[in-house]
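The values are calculated or read from the model by the stated rules, or taken from the named source; none is laboratory data. Because the structure is predicted, anything quoted here is derived from the model rather than measured. A quick note on method: Cβ atoms are made from the backbone with ideal geometry, for glycine too, and the neighbour counts reach across all protein chains shown. Side chains are part of the model used for accessible areas, which takes the heavy atoms of the whole protein and leaves out ligands, DNA and RNA. Shrake-Rupley method; radii C 1.70, N 1.55, O 1.52, S 1.80 Å.
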There are 2 protein chains.
Amino acid sequence: MNDELIHPKELPFQLYEVLDTESLIQRERFSEHNRETFDAILETANKIATQKFATHNAIADADEPKFDGKNVHMIPQVKEAFDAYNEAGFMAGRYDFDEGGMQLPETIMMATSGYFMAANPSTAGYPFLTVAAANVIGNFASEELKQQFMPRMLSGEFTGTMALTEPHAGSSLADIRTTAIKNEDGNYRLKGSKLYISAGEHQLSNNIVHLVLAKIQGAPAGVKGISLFVVPKYRLDETGEVGQRNDVALAGLIHKMGYRGTTSTALSFGENGDCHGYLIGEPHQGLKYMFLMMNEARIGVGFGAAMIGYRGYQYSLAYAKDRTQGRIPPNNSPADPATEIINHGDVKRMLLAQKAYVEGAMSLCLYASRLVDDTKTRESAEERRMSEELLDLLTPVVKAWPSEFGVKANDLAIQVLGGAGYTREYPVEQCWRDNRLNPIHEGTNGIQALDLLTRKLWQANGAGLEILQKRILADFSQASGPECLALVNKTQGYMVKMQALLPSLGVALRSEKLPNLLANAQCFMNVFSSIVMSWIWIRQANVAEKALAQCEPADKPYYLGKIQAAKYYVNWELPLVNRDISLLESSDDSCSDMQPEWF
Amino acid sequence: MNDELIHPKELPFQLYEVLDTESLIQRERFSEHNRETFDAILETANKIATQKFATHNAIADADEPKFDGKNVHMIPQVKEAFDAYNEAGFMAGRYDFDEGGMQLPETIMMATSGYFMAANPSTAGYPFLTVAAANVIGNFASEELKQQFMPRMLSGEFTGTMALTEPHAGSSLADIRTTAIKNEDGNYRLKGSKLYISAGEHQLSNNIVHLVLAKIQGAPAGVKGISLFVVPKYRLDETGEVGQRNDVALAGLIHKMGYRGTTSTALSFGENGDCHGYLIGEPHQGLKYMFLMMNEARIGVGFGAAMIGYRGYQYSLAYAKDRTQGRIPPNNSPADPATEIINHGDVKRMLLAQKAYVEGAMSLCLYASRLVDDTKTRESAEERRMSEELLDLLTPVVKAWPSEFGVKANDLAIQVLGGAGYTREYPVEQCWRDNRLNPIHEGTNGIQALDLLTRKLWQANGAGLEILQKRILADFSQASGPECLALVNKTQGYMVKMQALLPSLGVALRSEKLPNLLANAQCFMNVFSSIVMSWIWIRQANVAEKALAQCEPADKPYYLGKIQAAKYYVNWELPLVNRDISLLESSDDSCSDMQPEWF
C-alpha cells in the first residue's frame, strides 16, 4: 500500500498554486529564500517524518510512557526522532538567521509540521510545544530570560510546556489558584497544582521550561489578575548552566485514550515552598501574552487535526483501491469477479467526504498561516492590521472546524475498512483516538463557538467580517469555469442569509434572548464555518479548473478530484446550515429552556 | 455520582406507558404473567448487571483476553457474571415453560438486556450470542440436533457463535469459500477459515457451538449455494456427552479498539481434514435461516448501541450536575461563585442531544421488539403478517440509526467532560470505543442503507411502508396538547416530501441513474430514519403531555424532559434532511461521478 505521508502533489498545490507562497520571497525578510529552499526544507521534513517519526507511531501508542515514581520512561525511538528534528534545525526554522534560525515563513514551517503530524502526532508534540513556549518567551520576556532560555529551547537542549489548566479550572482560567509571592531576590515563589500539562515530564531534554499562569498575591480577581512565569524544572546557576532541581514535582501521569506518546501530567509547584518562578513581562498581563500566541497555537491544533484526518484518509483510500468485495450492477452475477470497494457508491461517498474535510482543513490552516506571515511582513501597517483582524476572526474556525471534521474523517476511514478498521492491526483506529483530543484542548470547540459569536464577530466594529467578505468576493470574481461559477452562486446565497441574520444576533446578545443565543452558539459556528469552508474549497477549485485547460494529461485526474471535492462540499455539506439559519432566526429555545431537573 | 444503570422511570415509561406491554398478558402465551412478574425479572437483571457486570467493565477493557498458544485466558469476573446470568435463567427467558424457559415476551427480554449492555457490553456478548445461535437451531435444525445442543445452550453449559465472515468475504457472503463434503456417516466435513468470530474461543463453557456458513461441494454459485452447519468445538459421544475435540482451531485473537472483553477470533475449520459439521435444515438454505434470525439480531445491535450511548449520557449528566466551571450572565463577575456546567447553554445542548439520541434509540428498539412479539403472538394471521412487514421495513433503521447516533452520543459525553473525558480515568472514552463496533457488525450501516432503499421499501408492493404510515398517522391523531400538535405538524410536512420522492426513486432504481442513487443511499436512510425517529419521539411526548395533566408533582420534571427532547429532535435533527431530500430530488452525482484515479 501507499506509504507516502502526503500525496506528492498536495503541498505544492496548496502552497504554490493556491497560496502563491513564492511571492513571499519578494519580502525583505524572506529575500534569501526561493522555491528551491522552500522545497528543500519540505523534503527534509518528509524524510525525517517518514524515517524517524512514522516508524514508531503505533509502537508508542501500544507502549506509552511510564512513571516509576522517580522518572518517566518511554521508548527510545522518541528521543531519536526528537534529536533528528532538532539536528535538522526545524525548531528554529522561523527564527532570524542571526539567532541560528532559517528565517522561513510561517506558511512553510506549518507545511513542514504537516509531515510530522501525519507521521506521529504524539512525538511531534514535544518539539511543537517547545517552539510555542519559546515564542512566548521571545515575544514578551526580558532580555535576560530570553538569553537564558530561548537559544537552548531552539536547539532542543531544553523543552517547553504551557501550564494553564488546574484541576478545578479548565475552560475558566479566571479561577486559577496557583499563587506567586515575590521574594527578596526579586523573583517569585510559586505554589499550586496544574493538570493535563502535555510534555510536563520526560527525559528527552536537559531541562523543561514551564510557562505557568499564576496569581501574584493581592492581584485583582479574575482574568485581570493572572501573570505568566517561567518555571524551569532545573534552575540555572550563575554561569547559566543547568543547576539545582527546582521545586516542581510530577504528581502523576494522566492516561489518555489517544495521543499516548505525549506525556500528560499533573504537576505540583512549590510543595516544599521553594519553587522559583521568573515573571514574564508585566504583572497581571499573563493571559494577554498567552492569548497573543494563541492564534498560532490554535492553527497548530487545527492543522494537526487535519493531518491526522489526512493520514486516515490516505490509508482508507489505499485500502479501498486494493480490497475487493461485492459487485456493481450490471456485472453482479456470482460469476463476475469481485470489484475493488472504491467502486461502490457508498465507499466513494465516504472517501470523498474525507477528502473534502481533510484537504479543506489543510487549506484553511495554511491560509491562516499565511495570515500570520502577513501580520508580520506585509509592507504597510494597514495591511498588517487587516491581516490581524481577519486572522482573529478566523481563528475559532481554524481551531474548531478541522478538529471536528478531522475526527469525522477518521470515523469514515474506519467505516471504509469495516471490521479491519476496528482492529488495532490497522492504523485508522489510532488516528481516530488521537484526533479526538483536538476538539477539547486549546479551548474546547464550545468555547470557540462562543468566542466567534460573542466577541470575534463584532471586534473592531466587525472589521474582520468586512475584510473576509471582501476577500471572498474577490476570490469569487476569479471564477470563470462553469463548475466554479455554480458553486460560487450557491455559496453567495448562504452569505446573503448569514448577513441578514447579523443584526438580530447583535440585538439578542444584549437582550433577554441571550440564553437562547448562547445555547445556539454552535449553530452560528456551523453557518459561518461552512461558508468559510465553501470559499476555501472554491479557491482550490478555481485553480484546478483553470489548470485543467493547460496542464499535462497526467495531472488532470488530480485537478478533477479537487473540483469534485469542492462540488461535494458545496452540494452536500453547506446546505446543512439551512437548519442552523432557521434555528437562529427563530431564536429557538429547545436547548436553553431545558432545565437540569428535567434530564 | 449517580450509579443507577438506567433512570428508574425510564423502562417503566417505555414499557408500560408508551408500549402498553401489560396488554401482552391478554395473549395466551403470556397469560401466566403480569406486571409484577415482568418487574421482577427487570429488577433481577438490574441487580445482576449492577453487581456482576458493571463491576468489571473497565477491568476487562484494560486486561483483555490473551491466547497462550493453547488456551484463551481472561479475568475470572467474566465467568462469574456469565454464571450469574445463567443461574437466574435469562438465557432461556424467551423459551417455553416446558423447555425450562420463562415464556417471557421479547419486549421484556430486550429490556432486561438493556441493563447488561449498559453495564458491560463485552461480557454480555457471550450469553447474547449463545441465545441467538440457540434460536437458529431451535427454529431450523432437526429434532436430533435440537435435543443435542439447545438445552445445554439455554442452560449456559454450551455457548454459541455465528461464523459467517471470511478473510476475503465480509459484506459479500456470496463469496465465502468454506466447503462442506458429505461423508459416509451422513454428516459433513468442513474446511475453511472464518474471521472476526465473536466469542469463538474462551473457557467459559464446556463446549462452543459454531453456526458455520459453508458451501456443499457442487452447490450453486453465490448466495443460493450457502448452507448452514452446526460445528461444535467438541463432538458429542454416543451418550450425548462432550467427547472428542473437533477439528476447529483458533488461528489467533483479533485485537480490537473496544469491546475488548469479547474475544474476536480467526478460526480454522478442518486443517486436519476432520472437522465434523451437521447440516441445519435443507442444503443451500443457510442464508435464509440466518436472515430469518437477523431481524432479532439487528434489534440487539441497535439496542446495545442505544444502551452504551445511554451509559455515557448518564455519566456525563451526573458529571455536569457536579462539576462547576465558569459563570452565566448576569452573574458573571469573578466574585460570583462558579456554576455547575449543566447550566451552560452549550452543555445543555450536548446533554439534550444525547438524551434525544439514546432514549429515542431505546424506544425504537423496544418498539421493534414488540413487533417481534406481535409476529408470533398476535391473534390473526393477517395481524402477524402486517407486523412482519413492518418489522422488515424498520430493521435497517433499528440497526443503523442507534449505532450511528449511539456513537455520536458518546462523542458528546466525552466533550461534556472535556479533558477528563479524554482520559481512561473516566468511563466515557470506553463507551465511545466500545460503541464504534456497532455501525460495522451485523451488516455495516452502508449495507443497511442499501437494504432499505433497494429492497425493504418496495417489498410486498410497499406493504411495510403503507402499514408504517397508517401507524404513524394513528399515533399522530392521538396528539392533543399544543407541544405535540406542533411537532406532528412539522413531521407531517416531511412525510409528504418523502412520499413525493418515492416514484422517482423507483424509476431511478431501474434506470441509468442507478449509480447516482446507490451513492446517495445514505441520504434516503437519513430522510426515512429521521421521520421514524420523529414519530418515535412524538409517541413519547404524547404520553408525557397527557400525563402532565394528572401526574404527581414529583413526576412532572421527567415528563417535561421527554417533551423537551422531542422538541429538540423535531426542531434540530429532522430539518437536516432537507439537504438529503434535495440531493435525492436532483439525483446528485457528486459522489457517483468521482473516479478512483481522481482521489
Discussion item. Could you check the range A:511-539 and list, in sequence order, the residues that are among the small types (Gly, Ala, Ser) and not in a helix (DSSP H, G or I)?
Written reply: A:Ser511
Discussion item. Out of everything in the range B:407-423 that is under 13 Å from B:Met350 (Cα atoms) and of a type outside the set (A, V, I, L, M, F, W, C), what residue ends up being most open to solvent (accessible area, probe 1.4 Å)?
Written reply: B:Lys408
Worksheet item: If you take the residues of the range A:252-262 that are out of contact with any Leu (no Cβ under 6 Å at 6 or more places or on another chain) and not in a strand (DSSP E or B), which of them is most open to solvent (accessible area, probe 1.4 Å)?
Response: A:His255
Worksheet item: Does any residue of the range B:315-331 turn out to be within 12 Å of chain A (Cβ to nearest Cβ), surrounded by 24 or more Cβ atoms within 10 Å (Cβ to Cβ) and more than 16 Å from A:Ser171 (Cα to Cα)?
Response: yes
Fill in: Test: residue in the range A:325-337 that is of a type in the set (A, V, I, L, M) and farther than 19 Å from B:Leu450 by Cα
yes
Discussion item. Name the residue that is surrounded by the most Cβ atoms within 10 Å (Cβ to Cβ), counting only residues in the range B:443-456 that are farther than 22 Å from B:Glu383 by Cβ and more than 11 Å from chain A (Cβ to nearest Cβ).
Written reply: B:Leu452
Response to the item:
Counted residues in the range B:457-473 being of a type in the set (A, V, I, L, M, F, W, C) and open to solvent by less than 50 Å² (accessible area, probe 1.4 Å) come to 6
Item to complete: For residues that are of a type in the set (A, V, I, L, M) and under 11 Å from the mean Cα position of the chain (by Cα), scanning just the range B:398-436, find the one that is nearest to A:Tyr422 (Cα to Cα).
Response: B:Ala400
Practice prompt. Under 9 Å between Cβ atoms, at least 6 apart or on separate chains: pull out the pairs that start in the range B:498-523 with a residue that is within 8 Å of another protein chain (Cβ to nearest Cβ) and open to solvent by 70 Å² or more (accessible area, probe 1.4 Å) and end on any residue that is at pLDDT below 95 and outside any helix (DSSP H, G or I).
Written response: B:Pro515/A:Ile328; B:Pro515/A:Pro329
Worksheet item: What residue, among those in the range B:332-347 that are at the interface with another protein chain (Cβ under 7 Å from one of its Cβ atoms) and touching a Lys or Arg at 6+ places or on another chain (Cβ under 7 Å), is most open to solvent (accessible area, probe 1.4 Å)?
Response: B:Ala338
Response to the item:
Counted residues in the range A:215-251 being of a type in the set (Phe, Trp, Tyr) and buried (at least 20 other Cβ atoms within 10 Å of the Cβ) come to 1
Worksheet item: Among the residues of the range A:348-376 satisfying the criterion of being open to solvent by 20 Å² or more (accessible area, probe 1.4 Å) and either within 16 Å of A:Arg298 (Cβ to Cβ) or of a type in the set (A, V, I, L, M) (or both), which is farthest from the other protein chains (Cβ to nearest Cβ)?
Response: A:Thr375
Worksheet item: Within the range B:373-398, how many residues are closer than 28 Å to B:Gly312 by Cα and touching an Asp or Glu at 6+ places or on another chain (Cβ under 6 Å)?
Response: 1
Fill in: Condition check for B:Glu241: of a type in the set (D, E, K, R), out of contact with any helix residue (DSSP H, G or I) (no Cβ under 8 Å at 6 or more places or on another chain) and closer than 26 Å to B:Glu64 by Cβ
no
Fill in: Residue that is farthest from B:Leu450 (Cα to Cα) [pool: residues in the range B:477-487 that are open to solvent by 10 Å² or more (accessible area, probe 1.4 Å) and assigned to a helix (DSSP H, G or I)]
B:Pro482
Discussion item. Quick check on the range A:569-594: of everything there that is within 7 Å of chain B (Cβ to nearest Cβ) and not in a helix (DSSP H, G or I), which residue is most open to solvent (accessible area, probe 1.4 Å)?
Written reply: A:Asp593
Practice prompt. List every residue pair whose Cβ atoms lie under 7 Å apart, where the two residues are 6 or more positions apart in sequence or sit on different chains, the first residue falls within the range A:12-23 and is free of Cβ contacts under 8 Å to residues at least 40 places away in the same chain, and the second residue, located anywhere, is part of a helix (DSSP H, G or I) and of a type in the set (Lys, Arg).
Written response: A:Glu22/A:Arg35
Practice prompt. Scan the range B:544-568 residue by residue and report those that are surrounded by 19 or more Cβ atoms within 10 Å (Cβ to Cβ) and away from every other protein chain (no Cβ under 12 Å).
Written response: B:Glu545
Worksheet item: Can you name every residue in the range A:424-438 that is open to solvent by less than 10 Å² (accessible area, probe 1.4 Å) and within 7 Å of chain B (Cβ to nearest Cβ)?
Response: A:Glu429, A:Arg436
Item to complete: Only one of these is more than 10 Å from chain A (Cβ to nearest Cβ), part of a loop (DSSP other than H, G, I, E, B) and farther than 30 Å from A:Glu166 by Cβ: B:Glu379, B:Glu388. Name it.
Response: B:Glu379
Practice prompt. Being in contact (Cβ under 8 Å) with a residue 24 or more places away in the chain and either touching a Lys or Arg at 6+ places or on another chain (Cβ under 9 Å) or surrounded by 16 or more Cβ atoms within 10 Å (Cβ to Cβ) (or both) is the filter here, so list the residues in the range B:25-36 that pass it.
Written response: B:Arg27, B:Arg29, B:Phe30, B:His33
Discussion item. Going residue by residue through the range A:276-283, is there one that turns out to be under 20 Å from the mean Cα position of the chain (by Cα) and aromatic (Phe, Trp, Tyr)?
Written reply: no
Fill in: Count of residues meeting criterion [touching a strand residue (DSSP E or B) at 6+ places or on another chain (Cβ under 8 Å), touching a residue at least 40 places away in the same chain (Cβ under 8 Å) and outside any loop (DSSP other than H, G, I, E, B)] in the range B:189-236
28
Response to the item:
Within the range B:62-112, residues assigned to a strand (DSSP E or B) and open to solvent by less than 30 Å² (accessible area, probe 1.4 Å) come out as B:Val72
Worksheet, complete the sentence: Expected single match for in contact with a strand residue (DSSP E or B) (Cβ under 6 Å, 6 or more places away or on another chain) and not acidic (Asp, Glu) among A:Ala297, A:Ala338, A:Ala306, A:Ala318 is A:Ala338
Discussion item. Among the residues in the range A:329-338, are any more than 18 Å from the chain's Cα centre (by Cα), assigned to a helix (DSSP H, G or I) and of a type in the set (Ser, Thr, Tyr)?
Written reply: no
Worksheet item: Only one of B:Ser198, B:Ser172 is within 14 Å of another protein chain (Cβ to nearest Cβ), surrounded by fewer than 23 Cβ atoms within 10 Å (Cβ to Cβ) and under 17 Å from the mean Cα position of the chain (by Cα); which?
Response: B:Ser198
